[in-house]
Structures are given as C-alpha cells and as structure tokens.
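Below is one structure; the comments refer to it alone.
The values are calculated or read from the model by the stated rules, or taken from the named source; none is laboratory data. Here the structure is a predicted model, which means the values were calculated and not measured. Neighbour counts run over all protein chains shown; Cβ positions are idealised from the backbone, glycine included. For the accessible areas, the whole protein counts, side chains as well, though only heavy atoms, and no ligand, DNA or RNA atoms are used. Shrake-Rupley method; radii C 1.70, N 1.55, O 1.52, S 1.80 Å.
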Amino acid sequence: MSTRQIDRIEGTAIVVRGDNIDTDRIIPARFLKAVTFDGLGDHVFEDDRAAMPAHPFSNPVYTGARILIVNENFGSGSSREHAPQALKRWGIEACVGESFSEIFRGNALAIGLACVTASHEVIVQLMTMVEDAPSSTLTLSLTDRVLTADGSSVDVTMEGPVRDALRTGTWDATGLLLDDFDVVRGVAARVPYIRGF
Amino acid sequence: MGKTLLKKVWDLHTVRPLSTGQTQLFIGLHLIHEVTTPQAFDMLRARDTGVAFPHRTFATTDHIIPTLDQTRPFADPLAEAMLSALEKNCDEFGIPFWNLDSDRQGIVHVIGPELGLTQPGMTIACGDSHTSTHGALGAVALGIGTSQVRDVLASQSLAIDPLKVRRIAVNGSLVPGVFAKDVILEIINRMGVKGGVGQAYEYGGTTIDRMSIDERLTVCNMSIEGGARVGYVNPDDTTFDYLRGRPFAPEGDAFERAVNWWRSMASDADADYDDVVEIDATTIEPRVTWGINPGQSVGVSERIPSAASGDNGAVAEALDFMGLTGGAPIKGTRIDVAFVGSCTNSRLSDLREAARVVEGRSVAQHVTALAVPGSQSVRVAAEREGLDQVFRNAGFEWRGAGCSMCLAMNPDRLDGDQVCASSSNRNFKGRQGSPTGRTLLMSPAMVAAAAVAGEVTDVRDAVS
Ligand code: SF4
C-alpha cells in the first residue's frame, strides 16, 4: 500500500533545547487515557509549558512552525507513539536533532514524521538562527539531505533506505509486511516453539 | 567466530530484508494492554485487515486500573472506555485476555514470565518500552509503538533496524543490602541514558549468572533506561528451572527437547560482540537517583553532584526541579511517599525484601506508603506468606495488582511537589502523576528503609 510521498518540508521552525527530552515530557501520560490520538496536539509539552511560561510551544511567534529543532537523544523513555502523534498533530512535519531515541524515530517514521540528524555545531547554529529570526523559512530536502535557511545550506543525515521510504511513500510498514505473507507463514512453521517441541 | 543469542534469534526469525534497509522480523509472542492498542485495532478495521495469528497475542490490563476500588464502571470514564475498548477488541479478534476477574491478570511484564509465556529464543513484542524485561529468560523482546502494534497484529512481524550487541560482564559478589536494582542503576549511570542506543545489552558475568530470574528481570527491565532497545541474559539452568511447570511451558519430554534447543540459542563462548564492558560488582552500593533521568544516581553514601561546565545545564535543571542542593549528601533527603511496585520490582522476591525491612517497624508519620504486587498471582503468594500483614502492620497500604504509582494513568499518584522513594524505573519530570512531583529511584529494600526513616537512608544500617 502506498502512502503519501514526503520529500520537501518547508516552513518556519521551532526550537526546544535540552538533551534527553523524554516522551513523558512531550506528552504526559494522563493524555494517553484515550482511545484515539485526536486532540493530542493541544497538549504537547503541557507540563513543561506550565512550568515555563516562555516555553517555545506557548510562544505565538512559533505558531505554524513545521520543523522542530532539538538536541541529543530526543524522545527517550516511554515507547508511546502519542509523542510523535502529538507533535505531528500540533503541526510539526520534520524533526532535526543531534540524535533521537530509537523507538521515537521508529514511531515517527511509522506516521510519516521525518527525523533527520545534524552535527552539534550545525544544531547550535540553527537554534540560534531560529531564535533570532523565528519568521525565517527553512526548507528541508530529503532528496538532497540539505536544510536551507536564509540562503545558506547545511547538510543533514538520514539513512538512505528510510529516506527512500518517505520519498516513495512506502513508509507505512503494514502493506510492506503483508506483501509476501507466505514467507511469514514459512517462518512460523520453522520456529520450534510454534511448531511444537 | 561464534554467534550471539541476538544473532541466532534474529536469523531464525528473519522473514526477509526490506527495501527500507530494515529487516522484517517474525514475532513469536505479542503481548498487549489497554493503553497502546485501541488505535492499533482501529487502524486494522480501517484497512479491513484481521489479526494474522490471534493465538500468538495475549492481553491483560495494568496501566489504567485502580488498585483500590475496581468496581465497574470505573469512576474515571476515560479509564473505563479504555478497558471496554480492549474487551471489545479481544472479543472481536479472538485474542485471549486476562481481565481483572482472572487470577492471571497483572502487569504485562510480570505475567509473561510468570505464566511461562516468555521463553528463551523467542522474539517478543509489546507496545511498552519495558518489554526489554522479558530478555531475562533469553528472549529478544522489543518495545514498540502503536503503529507497530498494528503491524504485529496484521502480519505477526515488524520492520526493524539491526542491533549491535554490547556485552556487559558484571563480576563478583554483591554485598548484603545491594540488589539487582542497584546493579542496573550503576550500569545506566556508567553508560549513560543514551549509551545503549542502537544496541542490545547482553548481561553476563558471575554476578548475573548467580542471579535468580526475578533479579535478572529487574536488570533487563531497565535496559531501555540506558537507551538499549533490548536487554537479555543467556538462558541457563536457572532459566530452565524457573520455567519448568509454568502454565505455558512445554511439558514432559517436550520440555527436555525445549531445554536442548534453548541451550543451543545461548551466545557461543567465542561469540563476536561489538563491544564488551566489565563491571566490578563488589564495589556497588545501594543507589539512589537524585535527578530527572535514571542515569542520574549516586551511591547512598555519596553526595549529590554539583553543576559543572560541560554538562549542558543538565545538572542544574535536575537539581532545580528536584529542589536538591549540589554537594549535599543524598542520605537524609526527606520523602513524603514510598512506593514498592512496578514491573521493575513488584515480584514476590521484591516484596519479601521490602517486608523484611519493615517487619516490626512503622512507617514514619509523615509518609504515605504503598505496596503493590505486580500480578494477582504475586498478590496471592504474598498473602499466603503473610507479607500483606507485615506491610499493613507497618503502616503500608496493600493494594491490588497493577502499574499503580509508576505512572500517571490511574488514581495512584503524587500530589504537588511530593517526593517519592520509588522502586519503579523512571524519575522523569511528572512521571508519577503530578507535574511537579519528584521521584527517587531505588531498590524495594531501600524504599522500605526510607519509608520507616522518613528520609533516604542506607538499608545496610537499617537491617543490621
Ligand atoms: S509498571 Fe510502570 S513501567 Fe511497568 S508497564 Fe506499568 S507503567 Fe510501564
């Protein structure tokens, strides 16, 4: 099954500084008490925003931002897909960071939220640039693996196959996994604990 | 060069390489609960897809259930809606479900091993990051998100990136009063909370070899807190003895054949690791976290670190949130709440250690203390030994099985900026239900000692 092709993401950006920002902070657990993902966008970083009135997600100058810039190990902790869902529903379409937790990156990919990485120096520079001029438009090109802002470009990293999945619209895994179901049956038949000891 | 358990399990379960560069990995056992699944079932319906192997998925309920009054409908309509959704979904798709009225209900990571569902050489997935727990029996167990729960339901497989293997060899005897919890807190402190990203942690060495399965479960449980997707211990006689006679374990001759296969899945003596780390267990102290991630811990006799240049403001942010002072001893930190429970430390052995400390003593007057068994079967076994009475006599509340105060999804939660000595696994800001609530992670025995003293204290003094 083919899904939306994702290649160019253009828009203003928002910065959340700090390493190891865990998914409990991105979306506190009480908002997981629901049977849909609807409305999660309203509660993104809710507790951090309450504790810090100047939190970027509360700052109107960042309204409408589509690219989130973060530091190291973003999205650590709980495996809740609600974290990338909340960001996406708020309006974020791509995250640019020094590094991401693995589960977060996988969950983000599963919903078509692109996570690309860049060096510490590049991130520091981007963060300052966006904070100084929040209205600047950034353009992320997955094809070129380049982020362009204010006429200058920086290199970003995304593994080729993941990038291709987004570009070709094959990032929704279920279709891919069901493509050749006989092979799955074959594995089930050879695994001793399923076949029976 | 020999192979690691991870490599053997991976090869056996590989369906095919995917065009995304990932591997399609067959999942032998899928465990589900009420929080991360309702949307997954809705996605299945939207696609008009069924559940591929309904008998390889098992459900329980743990996160949202009250541990006190479980009358239906629950007082919280949102919790009620979640449990109802799981009931309906399991019913519709033919998935076995241990609901509140079952003596098999409990925290998903407690019941899997306890029922013998979790076995060596398996691939296991669950929509919960602490799925790494099941690696204690030599399984490759992966925490996944909701879209991946949908994938496993639909195809009994996952698209997943390959993992490297780091062997963590822990050698030597633990001194009395030091537990598996302290070992894993030490490991995370040393390797960092993102040290394990992209890796599976294989725990070995004489300390791990001598551990019971309960202790290994505690160690593997917190692998994810060190960034590792997977943590495991190679299966050995301790594993096989644990599994013999459990409801889902093979029986009779089949069990012996299973043991042979399980043994063959352990890492070879000359296995090729990406990285090996050695840890001396003899110097590990009871540990306590002082910060806002599980890597921020010190030995109980040590001082809380001070902010330093180069830490990116992380220490200052943590101290500010925790209301603690850099350079002060961690011992003597006043607590308001004590929580013995969670998938890290709510098994019978954990309750015994905590009960041993509180027996004949009383919880400090200003402290609210909770003991919450991880499963109904743990609760029954503990009550048979009279542990519930020991806890109650000391002033603890004795509750029904569930996640309870580990996270903010049921009525058990911190109020305001209360400080909680907790045997759970996460001290993130707001984790225990109050945005300003503060968590100090430690072993169940240390929680018990803190409950009695009303402050962080060294359990080695408390019981000597
Ligand atoms: S006890 Fe805590 S960590 Fe474990 S499954 Fe429940 S909420 Fe998650």
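Which number comes out as Rg/Rh for the stretch B:64-143 once both Rg and the Kirkwood Rh are worked out on C-alpha atoms?
Details: Rg = 14.3 Å, Rh = 14.1 Å.
Taking Rh as the inverse mean 1/r over Cα pairs, Rg/Rh reads 1.01.
Largest first and in whole Å, what are the equivalent-ellipsoid semi-axes of the stretch B:188-269 based on the Cα gyration tensor, each being the root of 5 times an eigenvalue?
Rounded to whole Å, the semi-axes are 28, 13, 12.
Express the relative contact order of chain B as a whole percentage, based on alpha carbon pairs under 8 Å and six or more residues apart in sequence.
Averaging sequence separation for qualifying contacts and normalising by length gives 17 percent for chain B.
With N set to the residue count of the stretch B:320-400, report its C-alpha Rg divided by 2.2 N^0.38 Å to two decimal places.
1.23
Does the stretch A:31-167 come out rounded, prolate or oblate by the C-alpha gyration tensor, with a ≥ b ≥ c the root eigenvalues, rounded set by a/c under 1.5 and, if not, prolate when a/b is larger than b/c and oblate if not?
Numbers: a/c = 1.79, a/b = 1.18, b/c = 1.51.
Here the stretch A:31-167 falls in the oblate category.
Please state the equivalent ellipsoid semi-axes for the stretch A:1-64: what are the square roots of 5 times the Cα gyration tensor eigenvalues, largest first, in whole Å?
Value: 23, 19, 12 Å, ordered largest first.
Could you state the accessible area per residue of the protein assembly as shown in Å², with a 1.4 Å probe and every protein chain left in place?
Accessible area per residue, the protein assembly as shown: 34 Å².
At a probe of 1.4 Å, how much accessible area disappears from chains A and B on forming the pair, both sides counted, to the nearest 100 Å²?
So the buried area, both faces added, is about 5300 Å².
Treat the stretch B:215-258 as a sphere of radius equal to its Kirkwood radius over Cα pairs and apply Stokes-Einstein at 20 °C in a medium of 1.002 mPa s; give the translational diffusion coefficient in µm²/s, rounded to a whole number.
Rounded to a whole number, D works out at 177 µm²/s.
Given the stretch B:345-441, what whole percent of its Cα pairs are spread farther than 24 Å?
More than 24 Å apart: 20 percent of the Cα pairs in the stretch B:345-441.
Given a 10 angstrom Cα cut-off, can you work out which residue in A:Phe100, A:Phe31, A:Phe181 is the most mobile in a GNM of chain A?
A:Phe181
Treat the stretch A:34-107 as a sphere of radius equal to its Kirkwood radius over Cα pairs and apply Stokes-Einstein at 25 °C in a medium of 0.890 mPa s; give the translational diffusion coefficient in µm²/s, rounded to a whole number. All intermediate terms of the calculation are to be shown ahead of the outcome.
On the way: Rh = 12.9 Å.
Translational diffusion coefficient: 190 µm²/s.
Mean shadow of the stretch B:86-224, computed from the convex hull of its alpha carbons, in nm²?
Details: hull surface 38.9 nm².
That works out to 9.7 nm², a quarter of the Cα hull's surface.
Which whole-number percent is the relative contact order of the stretch B:2-108 (Cα, under 8 Å, 6+ apart)?
Computed over the stretch B:2-108, the figure is 29 percent.
Report the dimensions of the stretch B:278-382 along its three principal axes from the alpha-carbon atoms, largest first, rounded to Å.
Principal-axis extents of the stretch B:278-382 (Cα, largest first): 52, 40, 23 Å.
Find how many whole Å separate the alpha carbon centroid of the stretch B:1-72 from the alpha carbon centroid of the stretch A:45-69.
34 Å
Would you mind computing, in nm to one decimal, how far apart the modelled labels at B:Ala328 and B:Glu80 are, each placed 7 Å from Cα along Cα→Cβ?
4.4 nm
Counting only the backbone N, which residues of the stretch A:150-167 are under 16 Å from the spot 7 Å out from the Cα of A:Thr139 toward its beta-carbon?
So the set is A:150-156.
How do B:Ser404, B:Ser19, B:Ser267 rank by accessible surface area computed with a 1.4 Å probe, from largest to smallest?
From most exposed to least exposed: B:Ser19, B:Ser267, B:Ser404.
Report, to one decimal in Å, the Kirkwood hydrodynamic radius for chain B based on all distinct Cα pairs.
Details: mean 1/r = 0.0449 Å⁻¹.
Here the Kirkwood hydrodynamic radius works out to 22.3 Å.
Let me see the P(r) profile for the stretch B:1-134: every Cα-Cα distance counted, bins of 5 Å, each bin given as a percent of all pairs.
Taking every Cα pair in the stretch B:1-134, the percentages come to 2, 9, 17, 20, 19, 14, 9, 5, 3, 1, 0, 0.
Leaving out ligands, DNA and RNA but keeping every protein chain, what accessible area does A:Asp172 have, in Å² rounded to the nearest 10, with a 1.4 Å probe?
10 Å²
Quick one: work out Rg over Rh on the C-alpha atoms of the stretch B:224-322, Rh as Kirkwood radius.
Working: Rg = 20.9 Å, Rh = 18.0 Å.
Answer for the stretch B:224-322: 1.16.
Based on the alpha carbon coordinates of the stretch A:93-184, what radius of gyration and maximum Cα-Cα distance (Dmax) apply, in Å?
Rg then Dmax for the stretch A:93-184, in Å: 15.5, 56.
Let me cross-check A:Glu121: its accessible surface, 1.4 Å probe, with only protein heavy atoms counted, in Å² to the nearest 10?
120 Å²
Where is the GNM fluctuation largest for chain A (alpha-carbon springs, 10 angstrom cutoff): A:Leu109, A:Leu32, A:Leu177?
Of A:Leu109, A:Leu32, A:Leu177, the Gaussian network model singles out A:Leu177 as fluctuating most.
Would you work out what percent of the accessible area of chain B, with all protein chains in place, is carbon or sulfur (probe 1.4 Å)?
Carbon-and-sulfur percentage of accessible area, whole number: 48.
Over all alpha-carbon pairs of the stretch B:152-241, lay out the pair-distance distribution in 10 Å bins, whole %, shortest bin first.
16, 46, 28, 9, 1
Taking the Cα centre of each part, how many Å lie between the stretch A:7-37 and the stretch A:78-153?
11 Å
If only Cα atoms are counted, what is the Rg of the stretch B:14-73, and what is its Dmax, in Å?
Over the stretch B:14-73's Cα set, Rg and Dmax evaluate to 15.9, 50 Å.
Using the eigenvalues of the Cα gyration tensor, what equivalent ellipsoid semi-axes result for the protein assembly as shown when each is taken as the square root of five times the eigenvalue, whole Å, largest first?
In descending order the semi-axes read 35, 31, 24 Å.
Where does the stretch B:399-464 land on Rg/Rh, using Cα atoms and the Kirkwood Rh?
For the stretch B:399-464, the value is 1.00.
So for B:Lys429, B:Lys331, what's the accessible-area order with a 1.4 Å probe, most first?
B:Lys331, B:Lys429
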